[in-house]
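First comes the structure, then the notes that go with it.
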2 protein chains.
Amino acid sequence: MTAASHRTAPEHTHPDAVPVLTALAALADPVRLTLVRELASSPEWSRACGSFDVPVGKAALSHHFAVLRGAGLVEQRDQGPKRVNRLRRAEFDARFPGLLELVLRPDRCD
Amino acid sequence: MTAASHRTAPEHTHPDAVPVLTALAALADPVRLTLVRELASSPEWSRACGSFDVPVGKAALSHHFAVLRGAGLVEQRDQGPKRVNRLRRAEFDARFPGLLELVLRPDRCD
């Protein structure tokens, strides 16, 4: 039995099954936008959930990650005591071409 | 004095001044998505605010149009007793390339 075996494995939704409204709602939040941007600039699976610079508590952060998984934006897996993340960039791009590019580009109005 | 002269003219925001988060939040709502889609399939200035097939009251509808104006998506003007609308498609496309196309395409997951 590993340290993480009592945790429920995260549920994922593939971007192909995500309505456009769900994708937009997932990205239309400043905390989630920060998570997505930080993930985009990090190697895959290099970031644990607690490593992001966002001003929210553990429960809220967990909710935000659930929304990102449900929108097909983030994949998670347990690695020992840590839950690590990757941005599903290629799959999400294939489903919603250009959307990630829009939110990842430096924005003069942000 | 015209019938509409006592109304406050609607305030608009040009898409060039809109943060990406504001644009996403404006589109991440089923009622507003319906308004945008119906406007996209109608000639400019042909649709009065009351002509849309959305299940909301007058005050809520007014709020949704204010959000769309504030995101640079919709332009309105008073025409006699009616307030008519157009989608700011070219300007919005220039600011957020591909975003309107994503929400306007028929979606297999919707």
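The values are calculated or read from the model by the stated rules, or taken from the named source; none is laboratory data. Bear in mind the structure is a predicted one, so any value in this text is a computation, not a measurement. Cβ coordinates were reconstructed from backbone atoms using ideal geometry, including for glycine residues, and neighbour counts include every protein chain displayed. We work out accessible area using only protein heavy atoms, side chains counted, and drop any ligands, DNA or RNA first. Shrake-Rupley method; radii C 1.70, N 1.55, O 1.52, S 1.80 Å.
General observations
- Per-region count, region B:69-87, residues over 14 Å from B:Glu11 (Cβ atoms) and of a type outside the set (A, V, I, L, M): 6
- Residue identified as within 11 Å of chain A (Cβ to nearest Cβ), under 12 Å from the mean Cα position of the chain (by Cα) and within 28 Å of A:Pro30 (Cβ to Cβ) among B:Thr22, B:Thr34: B:Thr34
- Of all positions in region A:82-90, none carries a residue that is within 13 Å of another protein chain (Cβ to nearest Cβ) and surrounded by 18 or more Cβ atoms within 10 Å (Cβ to Cβ).
- On the stretch given as region B:35-66, residues that are among the basic types (Lys, Arg) and either assigned to a loop (DSSP other than H, G, I, E, B) or under 8 Å from B:Asn85 (Cβ atoms) (or both) total 1.
- Region B:8-23, subset in a helix (DSSP H, G or I) and among the hydrophobic types (A, V, I, L, M, F, W, C), residue farthest from A:Thr22 (Cα to Cα): B:Ala17
- Of all residues in region B:74-106, those that are closer than 20 Å to A:Arg105 by Cα and in contact (Cβ under 8 Å) with a residue 24 or more places away in the chain total 8.
- The set of residues from region B:96-107 being at the interface with chain A (Cβ under 9 Å from one of its Cβ atoms) and either outside any helix (DSSP H, G or I) or farther than 15 Å from A:Thr22 by Cα (or both) comprises B:Phe96, B:Pro97, B:Gly98, B:Glu101, B:Arg105, B:Asp107.
- Subset of region A:30-63 (residues that are open to solvent by less than 70 Å² (accessible area, probe 1.4 Å), touching a residue at least 24 places away in the same chain (Cβ under 8 Å) and not hydrophobic (A, V, I, L, M, F, W, C)): A:Arg32, A:Ser46, A:Arg47
- Residues that are among the aliphatic types (A, V, I, L, M) and assigned to a loop (DSSP other than H, G, I, E, B) within region B:24-34 comprise just one, B:Ala28.
- A:Ala66 vs. criteria closer than 15 Å to A:Glu11 by Cα, surrounded by fewer than 17 Cβ atoms within 10 Å (Cβ to Cβ) and hydrophobic (A, V, I, L, M, F, W, C): yes
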